[in-house]
């Protein structure tokens, strides 16, 4: 048996959020979220668009004023000078000067953070190298590809060398090749011990990049843990059966409900303990007059966990 975990003092935690609430009129975007980020950890906020992920991030960086709750960064209030110096923020929206070069953009953002002289020059060189934009340093931003702009946007958020970085869906709108390059950039930061909060509505991103994952829905954290923990908590050793039928959706849906499964996007989904249970399901479907098109067996994943907890697909 492993030794019991020693509680981490809040002053040493990169981020501590306690009972945070943010309302916009009748809509509660963040509904009592409490969350700790450990040193050197990449923590994913996984949920559909509109779940409250971006509002939470904006509350941490001070762009949104919470209605209740507290946020502390390395023990300091989120709106303090110390917290702002320790925080780096990479927003969804590109925040660049299109008529300046890559180098000039980074120099401008560096000056905003109080950098000058040799320290500024070294920071710019590091950022260009990290974003693989050394050969584009003198290029006007307006002439860059979408993926290059996204990488420069990320570099601008790190120009002051923060100890904690918040990444709000940084791969939005990029092609697969650029997305993979961004993953490599993030993995390099993580490998060097950076503490990271990463928001996404793509399951594969959370699986690849994050040590722990907080599943967010309707402004609340409904599950938190490593991928394997989340799947095991929801399904234990069970597997999923996915089946498609030629019959009318109404008939299939009624049969699936009677069998205790789910019918999502014209796919019948069942949770089983042993693969031998598939034969019984298919015999029962045939007896109900349903025409099978295909059937498959898979181990549950994060998408399965989200569907299990909320009754809907992650991207709905």
Tell me, yes or no, whether the range 275-292 has at least one residue that is at pLDDT 85 or above, in a strand (DSSP E or B), closer than 26 Å to residue 203 by Cβ and not assigned by TED's automatic domain parsing to the domain that holds residue 206. no
Please work out if residue 207 is surrounded by fewer than 19 Cβ atoms within 10 Å (Cβ to Cβ) and in contact with a helix residue (DSSP H, G or I) (Cβ under 6 Å, 6 or more places away or on another chain). yes
Only one of 40, 32 that is surrounded by fewer than 17 Cβ atoms within 10 Å (Cβ to Cβ), assigned by TED's automatic domain parsing to the domain that holds residue 196, touching a strand residue (DSSP E or B) at 6+ places or on another chain (Cβ under 8 Å) and within 22 Å of residue 205 (Cβ to Cβ): 40
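Every residue, every condition in (1) out of contact with any helix residue (DSSP H, G or I) (no Cβ under 6 Å at 6 or more places or on another chain); (2) farther than 18 Å from residue 194 by Cβ; (3) outside the structural domain of residue 182 (by TED's automatic domain parsing), yes or no:
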{"position": "79", "(1), (2), (3)": "yes, yes, no"}
{"position": "92", "(1), (2), (3)": "yes, yes, no"}
{"position": "117", "(1), (2), (3)": "yes, yes, yes"}
{"position": "123", "(1), (2), (3)": "no, no, yes"}
{"position": "146", "(1), (2), (3)": "yes, yes, yes"}
Give just the number: which of (1) in a strand (DSSP E or B); (2) at pLDDT 90 or above; (3) surrounded by fewer than 20 Cβ atoms within 10 Å (Cβ to Cβ) does residue 271 not satisfy? (2)
Residue check, residue 238 in contact with a helix residue (DSSP H, G or I) (Cβ under 9 Å, 6 or more places away or on another chain) and either modelled with pLDDT of 90 or more or over 30 Å from residue 29 (Cα atoms) (or both): no
Considering only residues of the range 99-126 that are in contact (Cβ under 8 Å) with a residue 12 or more places away in the chain and more than 28 Å from the chain's Cα centre (by Cα), which is farthest from residue 156 (Cα to Cα)? 99
Selected residue (criterion: nearest to residue 75 (Cα to Cα)) from residues of the range 158-174 that are under 10 Å from the mean Cα position of the chain (by Cα) and part of a strand (DSSP E or B): 167
Enumeration of residues in the range 258-297 that are free of Cβ contacts under 8 Å to residues at least 24 places away in the same chain and within 29 Å of the chain's Cα centre (by Cα): 261, 263, 266
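Would a scan of the range 176-193 turn up a residue that is assigned to a strand (DSSP E or B), more than 15 Å from the chain's Cα centre (by Cα) and under 28 Å from residue 75 (Cα atoms)?
Checking the range 176-193: not a single residue is assigned to a strand (DSSP E or B), more than 15 Å from the chain's Cα centre (by Cα) and under 28 Å from residue 75 (Cα atoms).
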Failed condition for residue 222, given (1) within 30 Å of residue 280 (Cα to Cα); (2) surrounded by fewer than 16 Cβ atoms within 10 Å (Cβ to Cβ); (3) within 16 Å of the chain's Cα centre (by Cα): (1)
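The values are calculated or read from the model by the stated rules, or taken from the named source; none is laboratory data. Note that the structure is predicted; figures quoted are calculated from it, not measured. Cβ atoms come from the backbone with ideal geometry, glycine included; neighbour counts cover every protein chain shown.
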